[in-house]
Each structure stands twice: as C-alpha cells, then as structure tokens.
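Here is the structure we will look at, set down as structure tokens.
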Amino acid sequence: MAKKIIIIGAGIGGLAAGCHALAMGWECDLFEMNDKPGGLCTTWERNGYAFDGCIRYLLGSVKESRFYDEWKSLGALGSGVALRNSYLTYESGEGQPFVVYKKLPQLSDHIAALSPEDHDAARELVESVDTIRQGIAAGDGTERGPGDLMRRFARIEESSNALTVEEYCRRFKHPAIQGGLRSVVPPYYSAFSLLWMLSQFSLGDGNWPLGGSLDLARSIEKKFISMGGRLHYRNKAGKIMVRGNRACGIMLDDGTEVEGGAVVSAIDVHQTLFSLLDADRVPVRTRKWFETMRVVKPVVQVSLGIKGAGFDCPGHLLRELDKPVNICGAEQRAIDLLCFHDDPSLARPGATVMTCLINTEYEFWRLMARDRTAYEEEKERAAAWVINEVCMRVPAVRGCVETADVATPVTYERMAGVWQGAYEGWDFNRATCRVRFPRTLPDVKRLYLTGQWIKPGGGLIAAMTTGKETMQLISKEEDGV
C-alpha cells in the first residue's frame, strides 16, 4: 500500500508539494480551510470585475527561464501569458520617464539617451547583469560553469551583496534612473537581488499569466486531482497530532482525526508552530525568528473596475507625488499602479482593471479594525485617494470608475491566517539572503514545513520550489514509513 501524506494548505506551496508527493508514489490528502485553492494566490470578483490579489509578474513565464519547466510540470501556464517588454515606467514629474526595459541593449540605450553622463554606470550594470544571466544558465551560480565566468559571477555576487539597492543606485546621476532601478526590488534589499532580477527580465521573463492568480492555482489543482490527489475544502486543520515525538496526522476543527505517515504544513509558519502545535515543542532558535526577524511590510490593495479601455497608461506605473501624503497610516511619496489592458479575462469587453499597492503598517489596521466604522472610513479614504491620483494621471478615467475594492493587512490575515498580514513572509535583506527557515523540528519527527515562509522574500517561486524540495527531503528521510 502506498505511504500516505497529509498536507495542510492548498496554496501554491501545498499544491506543488502534493503533486510531487503523488509523483513519488505517496497517497496524498490536502486540507484547505477555504473553498478554493491558491491561498494568498487568489482573485476575487466584484460587480463583474476580477481583482487579482497576488501576481504582479511571474518568473518562469518563458521557455528561457529555469522555472518554466517546473510550472509546466505542475500543469500551469495553460492559459498563456501576456508578454511585456518592460517591467516598470517611473515618472518623477521632471523630464522624460524612465522605463525599466527587460532587454539589456534596449535598457542600456534608453539610459544613455536619457542621461549621457550615466553611460559608464549603465555599461557596468549591463555587464554585471549579463554575467549573472550567463552564470545562472551555466550552472545556477555554482562551480559547474566555466571557471572564468564563475569567478566573475562570484566577484559580482560578493561585491553587490555588500551594498543595498539604495546604495548601488546612487552611482547613477539621473534621479528618474535612480528611482526606477530602486523600485525593481525594495531599496534595502541587497544590490545582488536587483541584478539577479534584471538578469531574469533580460530573458524576457516576468510576464502576466492570463487569467491571473486563481487561474494559476486552479491549473495546479487540476493537475493534483488528475494524479489521484484528494482535496478537502472547508476543512480547517485545528491541531497537528503528535504521538511520542512523531507527527501522525491532524485533527480538523470539527474534531475529525486524519492519520498519515507524514504531515506537511504549507501555511503560515507562525500559525503552524504556535496554533497547530504545542508551542513547547518549538525550539528556542526557531522562536527567535519571530522575535528578531522582520516580515515583509504589508500593503493595502485598492482595485478599480473602470468602464473604458485603451487609455494611455503603462502596464506598471510608479509615479512620484508632487508632495508626500499620509494615507493608510504611512507617508506615501509615490503611487504604484498596475493596468491590466492586456488581460481581457479580468473585465467585460470595453472595460479595464487597475490596482494600486499602498505601503502601510499592520498595527495601524489591527487597531483600526476594532472600530468597524472607522475601519471602513479609512478604506474609503484610501480608495478616494487612489481614484483621484489615477484621474490626475489618466484624465480619461474620470467619471468611469464603476467599482472600487480595498484589501488591508487584516484582510490577508482573515483570508489566509498570515502572521501580521505579511503576504510574502520574511523580509529579504543582506542579513537573510543566505538563510532558510527550518523545514523540520528536532522534537517532532515526520513534520515538515514548506511554502514561501521557508525562503526569506517569499513569493510564488519560493512557494513552488520549496514544495518540490520538501518532498525530496521527505523521500530521503522517510524511506520505509
């Protein structure tokens, strides 16, 4: 009889782990508290518009990407992708906008045309990005590639990891170029993360999967079920059962016990360790993550359903404000907009969806949510501010906004149980770029953790890859279970 594994959470990490478990010959039961897959990788409908709550761009969207085959093996990308030749347009209000083109020659030429004095810095940037691209292609940044190439790769990695993105971008003179590059990844990340991201863009990667987040999750759900996996929706795990020092299954909220040879938790790690387990089983070293490590700063998402299409707005626009303004309990210096002209599945013909992410603090919304009236008023204020800013930049939108929806960190917490509303888990910076959250606990055998919380920075790639890696670890450690 096949070995049985229980997975908690049907997000991308749980679904990926499930597919790999089935491929390795395990029976697999996957339990999800909601009525659909995806977890935070989701889309919701409001008045005929589909608002995407996760994907801004997808790595692995083109065959040249090393992540492409993995997505395809999970049954994803069947709806196709909308190819985009740039990641971001940055408008500073002074002079021409700066466009973060994906192809390196186009990016280099654009920088030279916009700011001739930045020619040398642009050449160094492009050479570094190209070396990283070649190094990854040759051996994923390891010694397997050609010696000279990998030595150059290592030098670039070491020197750029010693700088933040903010520090690296100061070598450019033009403020719009500084601002645009600084916005590819958070400015306090290591500069290597910026160069690495540009190397992926240089492959033509980082596009929009048609249908969005829920369609992506549904496609993997379909693969999981076709392989013989069993999905149990509206079944929330209440406790991980442990006998002696071994996880032996889960108890659902309704008291039902489900036994298995191993348990994989693909949900928020704080919820796993401090709600589903006896907290005394969590080692001190693991507890310290929650005391000392930062989580990704939460956001408020304002989504707009707009009657009209084809108006003049880049797919991804970051626009500096004339002066800072306090919205959502934090100072805003720019407005960050996504326009989904290129995905007709999100709106009816002749209509468009736009979304805006606003930086915020979890504590602001936690306290605000105690007063429902004040909470709703603050959401309305955020929506009104976004609509006004959009109309100032795109006058054709004025009077055409039919629907506005606001999701806060409290929304993410309620929807998926994420700790402090951190939609991408642990923060990624110079201190965390080489560390991994423990996948196992020394005092609880046969319990494994997977998903985006395992790799600082999180995101869909982390969720997908940890699903496979966790099952490889289980296959190695649990042989004969």
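Per-residue 3J(HN,Hα) values for the range 384-395, derived from phi via the Karplus relation 6.51 cos²θ - 1.76 cosθ + 1.60 with θ = phi - 60°, read 4, 5, 4, 4, 5, 5, 5, 5, 5, 7, 10, x Hz in sequence order (x marks Gly and Pro). The alpha carbons of the range 299-416 give a radius of gyration and a Dmax of 14.4, 41 Å, in that order. In terms of its Cα atoms, the range 254-334 spans 56, 32, 21 Å along the principal axes, sorted from long to short.
Taking the number of Cβ atoms within 10 Å of each Cβ as an exposure proxy, the fewest-first ranking of 306, 6, 136, 12 is 136, 306, 6, 12.
Cross-link partners for residue 63 among the lysines, with Cα-Cα distance under 27 Å and sequence neighbours closer than 8 places in the same chain left out: 72, 102, 103, 222, 223, 455, 468. Taking every Cα-Cα distance in the chain and sorting them into 20 Å bins starting at zero, the pair-distance distribution P(r) comes out as 23, 56, 21, 0 percent. Given +1 at the Cβ of Lys and Arg, -1 at the Cβ of Asp and Glu and no other charges, the dipole of the range 61-201 around its Cα centre is 300 debye to the nearest 20. Sorting 243, 294, 230, 133 by the number of Cβ atoms found within 10 Å of their own Cβ, with the fewest placed first, yields 243, 230, 294, 133.
Shape annotation for the range 97-201: C-alpha extents along the principal axes are 40, 27, 20 Å, from largest to smallest.
Quick note on the range 217-354: its Rg to Rh ratio, both from C-alpha atoms and Rh being the Kirkwood radius, is 1.12. Averaging 1/r across all pairs of distinct Cα atoms in the range 329-481 and inverting the result yields a Kirkwood radius of 18.9 Å. How big is D, in µm² s⁻¹, for the range 38-151 by Stokes-Einstein at 25 °C and 0.890 mPa s if Rh is the Kirkwood radius over C-alpha pairs? Answer, rounded: 141 µm²/s.
Cβ crowding within 10 Å ranks 29, 35 as 35, 29, fewest other Cβ atoms first. Taking the alpha-carbon centroid of each part, what is the distance from the range 1-62 to the range 198-247 in angstrom? Result: 2 Å between the Cα centres. What separates the Cα centres of the range 291-312 and the range 94-117 is a distance of 26 Å.
Beyond 14 Å, the tail of the calculated P(r) for the range 53-114 holds 67 percent of the Cα pairs.
The mean of 1/r over all distinct Cα pairs in the range 382-457, once inverted, gives the Kirkwood hydrodynamic radius of 16.1 Å.
If you line up the long axis of helix 191-201 against the longest principal axis of the chain, both from Cα atoms, how many degrees apart are they, to the nearest 10? Tilt of helix 191-201: around 90 degrees. A simple count of charges around residue 92, restricted to other residues whose Cβ falls under 12 Å of its Cβ and scoring Lys, Arg +1 and Asp, Glu -1, yields -1.
Since every read-out is calculated from the coordinates, none of them should be taken as a lab result. From a predicted model like this one, the values you see are computed outputs, not experimental measurements. Positions of Cβ are backbone-derived with ideal geometry, glycine not excepted, and every protein chain shown enters the neighbour counts.
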